[in-house]
Amino acid sequence: MKKLAELYEDEIQVILAKYPDEQKRSAVMPLLYLAQRASGRISQEAMQEIAEILDIAITDVASIVGFYSLFHEEPGGRYRIQVCTDLPCALRGADAFLRQLCDLLGVEVGETTADGLFTIEEVKCLAACHRAPVFQVQNGDGLEYHENQTIDTARLVIDELRLRAQKPPGGAA
Amino acid sequence: MSEHYLLRHRSVPHIDRLDVYRSQGGFEAFHKAVTSLKPGEVIEEIKKSGLRGRGGAGFPTGTKWGFLPNTLWPHYVVANADESEPGTFKDHEILESNPFQFLEGLMIAAYAVQAQRAYIYLRGEFWQLAQALDQRIAQLEADGLLGEDIFGTDYSLRLFTHLGAGAYICGEETALLESLEGKLGQPRLRPPFPATAGLYNSPTVINNVETLTNVPLIIGRGADWFRSFGTDKSPGLKIFSLSGCVNRPGNYELPLGCTFRELIYDHGGGIVQDHAIKAIMAAGASSVLIAATPEALETPMDYETTLEKFGAPLGSASIIVLDETVNMAWLAFKTIGFFKHESCGKCTPCREGTFWMNQIATRIMRGKATRADIHLLENVAQQIQGKCLCALGEFSIMAVLSSLKLFAKDFEQLIKVEHDG
C-alpha cells in the first residue's frame, strides 16, 4: 500500500502550513481525512504514518479515529448513506423514510449491500432540519447533502451513485 | 419581502460572489476598522451595540473581546461553525449563501483583538461549505484583503478552515479548542477561560458564525442603527430556525422580542393539517418544553423573557414546534438518544446518566416499563442535574424533566398500553 506521503505530498504540506510549526498535532484530523480518501477507511498503517508525521503516539491518532463519528476504521460500503433521525427530522417522517430506504436496498441500518456499494447509517443532526427527510452521502472523497427527500428522489440518487461507481476513480466524465 | 441584513442573500442575489458583495459595500466596514479605528474603538462600538452571542449563551460580544489581556501574545480568533444542535440550521444558511459577510465579521473581530491568525472550525458534515470557504479565502488573499500589510497598514491576517469529524460536543468552546489542537473533543475545566488560555494556551476569542455576521453591520452602520432593532437588553436582529410541525419550516430573520405567535403563525404558516399546537422548544433539543398556551404564544422571544417566564433559555433560537399528535415521552426518548450518543464520556454523571436514561426511555417506548420506571427516569435525570463538566449533561435532562412535569399523561399512556393489553 502506498504511503500517504507519496500519494498526497503537496496536500500534506498545505495542511501542515495551516498551523504554527510547534503545533503540528492540530493536523491530525485533516490528515486522517486524507488517509480515508483512498479507501473510505483508515488503516493501521496510515495511523502509524500520521503519528510519525506529527511526532505523536499512534494511540493518540487511534483515539481520534475512535472518538469522531466520520472516521471509519471498519470497511463499509463505497457510499455511506447517512440518514438523520433526530427529533426535528423525525417529526417530518425521517424514521419512516429510513425504513423505506432500508427496504429499497435490502439491508438493515449498519449493513452494507452485497455489491459493496452502500452502507446505511443512522446519524445525528445534520443542521438541515427544515428540509427533512435529509441524508448525506459520505465517500472517501467528501460529503454531499440530499435534502427534502422522498423514497422516489432517494432512488434517483442511488441510481446516480451506481453509475458514478462504474466510472474509473478520478476519471473524466 | 422585508429587507434582510443577516440573510442578505434573500435581498441581494449572488451576494455569495465577492464582486457582488463588494459592490454592495462589502468590506468597507473592515477597511474602516483597519484604517481609521483603533482596536479598542472597534471593541467599544461592539459593546455599545449590545450584541450578544448568537450561539446560545447570549454573552455580550464586546465584553468577551475586551477580556483578552494585552500582556499575552499571540491572540487568536476562532469562529464556531460546528452548528449541531437538533433544530438549528441558521449558520448553515449564512455559510452557504452569505459567506463574505461572515468572513468580514471574523476579520473585524481578529483586528479588534489584534489576532494575526483566525480559524474557522466547521463541523465535518459541512465539508462542501469548507471547500467553498477555502476558495473564498484565496480570493480575499488575491484581492489584498487578507495577508501581509492589509490596506498598507502593518496589520496582517490569515484565515484557515478546520473540519471537525462528527461530534456535537465540539460546539462547546473548550471542546472545540481541544479538537482544533488535534485532541479528543472533550471540554476543559475552567478556569482558566479561553480569553486568557485558549487555543495553544493563548488568549482566544470564540464566536458563533451568526454573531460574527452581525459585526460588519455594527461597524458599518453604527451601534445605534443596530439598537433600533430588538429590545433594550436583547438588541438586534436574530435568525430564528423554525422546525417541527409547522407548514413553513425555515430560517426567519426577525427582531429579538418578537413573539412565538408571530414566528409560528405569521411567518411559519401555522401548524400542519391545522392540528392544535401542544408545546414549543425554544433552544433546539436542549430546551425546556414550554406548554403552548395562548399566553405562552404571546411571549416575546429574547434572552430574558422566556428564561424568566418558563425557565427556558432562548439559546440559539431554534424553535421546534410540537403539535397534539406528538407524545412527549417519545420526544424525551428522541432527545435522550441524541445526548447519549453525543456525550463525550469525560465526566461520569453525563456519560452514565445519559446511558441509563436511554435504557429506561427505550423500555418506555417498547411498552415494557412500569410506573416505577417513570420515577426512576426522573431520579436519574435529577442526579445528572448540576453535576456535569459542561452544559451537555445539563441539556440532556431539559426535555426529560419538563415533559415529565407538563405531560406526565403521555408517559402513563405508554404504560397503560402494556398493562391493559
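In contact with an Asp or Glu (Cβ under 7 Å, 6 or more places away or on another chain), modelled with pLDDT under 95 and either of a type in the set (Val, Ile, Thr) or on the phi > 0 side of the Ramachandran plot (or both) - does that describe any residue in region B:353-373? Among the residues of region B:353-373, at least one is in contact with an Asp or Glu (Cβ under 7 Å, 6 or more places away or on another chain), modelled with pLDDT under 95 and either of a type in the set (Val, Ile, Thr) or on the phi > 0 side of the Ramachandran plot (or both), which makes the answer yes. Among the residues making up region B:340-351, those that are among the charged types (D, E, K, R), more than 9 Å from chain A (Cβ to nearest Cβ) and in contact (Cβ under 8 Å) with a residue 24 or more places away in the chain are B:340, B:346. For region A:101-125, a tally of residues being away from every other protein chain (no Cβ under 14 Å), of a type in the set (A, V, I, L, M, F, W, C) and either in contact (Cβ under 8 Å) with a residue 60 or more places away in the chain or out of contact with any helix residue (DSSP H, G or I) (no Cβ under 8 Å at 6 or more places or on another chain) (or both) returns 3. Taking the criterion of being among the hydrophobic types (A, V, I, L, M, F, W, C) and buried (at least 23 other Cβ atoms within 10 Å of the Cβ), the residues of region B:389-403 that qualify are B:392, B:395, B:397, B:398, B:399, B:400. In summary, residue A:141 fulfils each of the numbered conditions (1) away from every other protein chain (no Cβ under 14 Å); (2) touching a residue at least 12 places away in the same chain (Cβ under 8 Å); (3) among the charged types (D, E, K, R) with the single exception of condition (1).
Contact map, region B:184-199: first residue within 16 Å of residue B:350 (Cβ to Cβ) and away from every other protein chain (no Cβ under 14 Å), second residue surrounded by 20 or more Cβ atoms within 10 Å (Cβ to Cβ) and small (Gly, Ala, Ser), Cβ cut-off under 7 Å, separation 6 or more or different chains; the map is empty. Scanning region A:54-88 for residues that are more than 8 Å from chain B (Cβ to nearest Cβ), out of contact with any strand residue (DSSP E or B) (no Cβ under 7 Å at 6 or more places or on another chain) and surrounded by 21 or more Cβ atoms within 10 Å (Cβ to Cβ) turns up A:61, A:65. The combined condition, being in a helix (DSSP H, G or I) and among the small types (Gly, Ala, Ser), is not fulfilled by residue B:182.
Among the residues of region B:168-183, those identified as modelled with pLDDT of 95 or more and within 11 Å of chain A (Cβ to nearest Cβ) are B:175, B:177, B:178, B:179, B:180, B:181, B:182, B:183. Listed by first and then second residue, the pairs linking a residue in region B:14-28 that is within 13 Å of residue B:102 (Cα to Cα) and assigned by TED's automatic domain parsing to the domain that holds residue B:106 to a residue that is at pLDDT 95 or above and hydroxyl-bearing (Ser, Thr, Tyr), with Cβ atoms under 6 Å apart and 6 or more places separating them unless they lie on different chains, are B:15/B:21; B:16/B:97. Being of a type in the set (Asp, Glu) and away from chain B (no Cβ under 14 Å) is the requirement here; does residue A:22 meet it? In short, no. Out of curiosity, is residue B:253 touching a strand residue (DSSP E or B) at 6+ places or on another chain (Cβ under 7 Å), more than 13 Å from chain A (Cβ to nearest Cβ), surrounded by fewer than 23 Cβ atoms within 10 Å (Cβ to Cβ) and among the charged types (D, E, K, R)? Yes; evaluated as a whole, the condition is true for this residue.
Listed here are the residues, each with its yes/no results for (1) free of Cβ contacts under 8 Å to residues at least 60 places away in the same chain; (2) over 25 Å from residue B:61 (Cα atoms); (3) part of a strand (DSSP E or B).
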residue	(1), (2), (3)
B:295	yes, yes, no
B:302	no, no, no
B:307	yes, no, no
B:316	no, no, no
B:322	no, yes, yes
B:325	no, yes, no
B:331	no, yes, no
B:338	no, yes, no
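Pick from region A:89-100 the residues that are in contact with an Asp or Glu (Cβ under 9 Å, 6 or more places away or on another chain) and either more than 10 Å from chain B (Cβ to nearest Cβ) or at pLDDT below 95 (or both): which of them is farthest from residue B:335 (Cα to Cα)? Once the filter is applied, the top-ranked residue is A:98. Mind checking which residues of region B:142-166 are in a loop (DSSP other than H, G, I, E, B), at the interface with another protein chain (Cβ under 8 Å from one of its Cβ atoms) and at pLDDT 95 or above? Matches in region B:142-166: B:164, B:165.
Residue A:149 meets the conditions (1) within 14 Å of chain B (Cβ to nearest Cβ); (2) crowded, with 16+ Cβ neighbours inside 10 Å; (3) touching a residue at least 12 places away in the same chain (Cβ under 8 Å) in every case but one. The failed one is (1).
Report yes if residue B:94 is modelled with pLDDT of 95 or more, in the same structural domain as residue B:216 (by TED's automatic domain parsing) and over 18 Å from residue B:5 (Cβ atoms), otherwise no. In short, no.
Condition test on residue B:139, is it more than 14 Å from chain A (Cβ to nearest Cβ), in a loop (DSSP other than H, G, I, E, B) and farther than 18 Å from residue B:179 by Cβ?
When the stated conditions are applied, residue B:139 does not pass them.
Please state which of the following conditions residue A:168 fails to meet, knowing it meets all the rest: (1) surrounded by 14 or more Cβ atoms within 10 Å (Cβ to Cβ); (2) over 16 Å from the mean Cα position of the chain (by Cα). Checking residue A:168 against (1) surrounded by 14 or more Cβ atoms within 10 Å (Cβ to Cβ); (2) over 16 Å from the mean Cα position of the chain (by Cα), the one that fails is (1). Looking across region B:48-106, the residues that are assigned to a loop (DSSP other than H, G, I, E, B), aromatic (Phe, Trp, Tyr) and either over 14 Å from the mean Cα position of the chain (by Cα) or within 14 Å of chain A (Cβ to nearest Cβ) (or both) come down to B:67, B:73, B:89. If you go through region A:126-158 and pick out every residue that is over 20 Å from residue A:33 (Cα atoms), hydroxyl-bearing (Ser, Thr, Tyr) and in contact with a helix residue (DSSP H, G or I) (Cβ under 8 Å, 6 or more places away or on another chain), you end up with 1. Residues of region B:115-136 being under 19 Å from the mean Cα position of the chain (by Cα) and either free of Cβ contacts under 8 Å to residues at least 12 places away in the same chain or assigned to a strand (DSSP E or B) (or both), which ones? Result: B:119, B:120, B:121, B:122. Those helices (runs of 4 or more DSSP H) of region A:21-93 in which 2 or more residues are farther than 30 Å from residue B:399 by Cα occupy A:28-39, A:44-54, A:58-67.
Answer yes or no: is there a residue in region B:203-211 that is at pLDDT 95 or above, within 10 Å of another protein chain (Cβ to nearest Cβ) and part of a loop (DSSP other than H, G, I, E, B). Scanning region B:203-211, I find no residue that is at pLDDT 95 or above, within 10 Å of another protein chain (Cβ to nearest Cβ) and part of a loop (DSSP other than H, G, I, E, B), so the answer is no.
Condition check: crowded, with 21+ Cβ neighbours inside 10 Å and among the aliphatic types (A, V, I, L, M). Does residue B:51 satisfy that? Here the answer is yes, as residue B:51 does meet what is asked.
The values are calculated or read from the model by the stated rules, or taken from the named source; none is laboratory data. None of these values were measured; they are calculated from a predicted model. Methodologically, a virtual Cβ is constructed for each residue, glycine included, from the backbone with ideal geometry; neighbour enumeration extends over all protein chains shown.
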